[in-house]
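Asks: Structure incoming, see below.
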Amino acid sequence: MAAERDSRVSQFRKGALELVILALLDRGELYGVEIVDRLAERPGLEASAGTVYPLLSRLKKAGVVDTTWRESPVGPPRKYYRLSAAGTQELGEMSRSWRDIAVAIDGLLAEGVHDE
Amino acid sequence: MNDTHTIAAYLAEVRRHLSSLGASERDEALAELESLLRIDADRVGEAAAVAALGDPAVYAAGVFEAFEPDHEAEADGRPVPQGHVLGMPYDFRGASVERIGSRVWNPADPRIFMPRMFGVGWTFNLGAIAVKLGLIRPDDVGDESYDRIPTGALQATLAVPAVLATAAVALMLVAWPTLPAEVPIHWGVSGQPDDWASRTVVIGALLALAIVPAALTYARILRPQVSARSRLLAAAGLGMETVLVLGIAAVTVADANGGASGNWILLVVLATVIVPFLMLYMPLRAGLRAEWREARTQDGRSD
């Protein structure tokens with residue numbers, strides 16, 4: 001059962017990952033490895049590079065993020081990601097939906113605890 | 001509009017949309033749907049019960065999502081097979097440029113073994129191999145990199161399958177008189193041939209395989225409105241196919257002229273990986289360098 005629960009939790013996280021990445025980029029531009037590292041710093045939000053990179057390329061295609069090459073002190077230039085105007089709007093809409101859902105579910109769970 | 005006013009027609013339509021779901025899951029979902037519909041039909045009538053469920057395609061999509069929460073993965077650029085047989089993924093939809101882009105060259109996805117583009121089994125994700133080899137980073141190559149490939153590099157790469165196909169045709173025509181009436185078509189693990197067929201059939205089939213896909217692909221990708229990305233990905237797919245045909249023709253000819261060892265077959269298999277790899281990596285590397293040069297001049301200007 002524990003494995004099944006883990007897979008359900010990872011489904012939650014996967015659904016929220018787009019919102020998480022948009023929220024990270026809202027604070028300033030980041031390059032790919034930095035995004036993975038910032039996620040790793042937050043317990044519960046860790047995501048592998050194999051999950052993050054395909055999502056970044058989808059966000060780029062959707063026009064939600066823009067990219068710029070910038071010189072790196074070590075090695076070749078790095079590709080930095082930042083929110084586009086459409087991305088900022090998307091972030092606003094997604095965070096509103098997230099809060100609505102979170103409040104509704106919290107309310108439901110609180111009622112359940114009272115009844116027991 | 002599909003005529004789905006009866007329960008049977010509705011179920012058949014949902015079943016059709018669920019063809020890629022596992023058989024037991026599909027039967028389970030359809031049995032449940034049928035029992036629900038029958039209960040409803042007793043109350044409000046068959047047509048109303050069916051109408052209340054709406055579009056069968058939408059209903060099927062809901063069922064699909066319930067059973068396969070990962071089915072949206074392809075939207076993330078992570079390909080999913082149509083299904084599995086004996087544990088191996090299968091996909092019998094024709095190879096499109098998008099499918100090549102998501103399976104043969106997808107550096108963002110770390111998996112090296114991707115569900116095969118056509119048929120059963122796996123295919124190599126050459127993009128993931130380039131990342132593992134440290135040649136590129138997973139997000140280096142974007143759609144815009146294809147447009148930065150220098151014209152000469154792109155044209156040279158697009159010419160590779162034509163050269164390979166021409167070489168295969170020339171080799172077969174030149175070697176035709178040296179071939180026996182029956183040529184080997186299958187080799188055992190020791191490299192010894194264990195099955196033969198008529199040279200007319202074998203060479204005829206190989207000639208068709210060298211010419212027809214190349215002609216069709218070039219006719220499609222050399223039209224002016226086709227993007228550099230579509231051209232390169234399609235050419236790499238064709239490169240993989242033509243190098244295989246050239247390899248099989250070479251082994252067949254070599255076998256008739258003194259014997260081909262098992263190493264030849266290994267060499268052909270390696271070439272089907274290395275040729276498309278170089279066809280993608282070399283021009284994209286040049287495109288990437290052009291992007292970087294441009295970024296450096298812009299940085300220099302803003303300083």
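The values are calculated or read from the model by the stated rules, or taken from the named source; none is laboratory data. Because the structure is a prediction, the values reported are computed rather than measured. Neighbour counts are summed over all protein chains in view; Cβ atoms, including those assigned to glycine, are modelled from backbone coordinates with ideal geometry. Areas reflect the complete protein model, heavy atoms only, side chains present, ligands, DNA and RNA absent. Shrake-Rupley method; radii C 1.70, N 1.55, O 1.52, S 1.80 Å.
Asks: Collect the residues in segment A:58-72 that are free of Cβ contacts under 8 Å to residues at least 40 places away in the same chain and either open to solvent by less than 10 Å² (accessible area, probe 1.4 Å) or of a type in the set (A, V, I, L, M, F, W, C) (or both), keeping them in residue-number order.
Replies: Scanning segment A:58-72 gives A:Ala62, A:Trp69.
Asks: Checking the condition surrounded by 12 or more Cβ atoms within 10 Å (Cβ to Cβ) and closer than 30 Å to B:Gly142 by Cα, which residue from B:Ala219, B:Ala228 passes?
Replies: B:Ala228
Asks: What is the number of the single condition among (1) at pLDDT 85 or above; (2) crowded, with 23+ Cβ neighbours inside 10 Å that B:Val104 does not meet?
Replies: Among (1) at pLDDT 85 or above; (2) crowded, with 23+ Cβ neighbours inside 10 Å, the lone unmet condition for B:Val104 is (2).
Asks: Please specify each residue of segment A:37-56 satisfying the condition of being assigned to a helix (DSSP H, G or I), more than 10 Å from every other protein chain (Cβ to nearest Cβ) and either within 18 Å of A:Gly15 (Cβ to Cβ) or touching a Lys or Arg at 6+ places or on another chain (Cβ under 8 Å) (or both).
Replies: A:Leu39
Asks: Kindly evaluate A:Glu34 against the criterion of being in a helix (DSSP H, G or I), modelled with pLDDT of 90 or more, of a type in the set (Asp, Glu) and surrounded by 14 or more Cβ atoms within 10 Å (Cβ to Cβ).
Replies: It is true that A:Glu34 is in a helix (DSSP H, G or I), modelled with pLDDT of 90 or more, of a type in the set (Asp, Glu) and surrounded by 14 or more Cβ atoms within 10 Å (Cβ to Cβ).
Asks: Restricted to segment A:75-88, and to residues that are within 13 Å of another protein chain (Cβ to nearest Cβ) and outside any strand (DSSP E or B), which residue is least open to solvent (accessible area, probe 1.4 Å)?
Replies: For segment A:75-88, the residue satisfying everything is A:Pro77.
Asks: Among the residues of segment A:57-68, which ones are out of contact with any Phe, Trp or Tyr (no Cβ under 6 Å at 6 or more places or on another chain) and within 8 Å of another protein chain (Cβ to nearest Cβ)?
Replies: Those that are out of contact with any Phe, Trp or Tyr (no Cβ under 6 Å at 6 or more places or on another chain) and within 8 Å of another protein chain (Cβ to nearest Cβ): A:Ser57, A:Arg58, A:Lys60, A:Lys61.
Asks: Only one of A:Leu55, A:Leu91, A:Leu39 is closer than 24 Å to B:Arg285 by Cα and open to solvent by less than 50 Å² (accessible area, probe 1.4 Å). Can you tell me which?
Replies: Of A:Leu55, A:Leu91, A:Leu39, the one residue that is closer than 24 Å to B:Arg285 by Cα and open to solvent by less than 50 Å² (accessible area, probe 1.4 Å) is A:Leu55.
Asks: Turning to a different aspect of this structure: Tell me the helices (runs of 4 or more DSSP H) entirely within segment B:121-207 that contain at least 2 residues that are away from every other protein chain (no Cβ under 14 Å).
Replies: B:126-132, B:151-175
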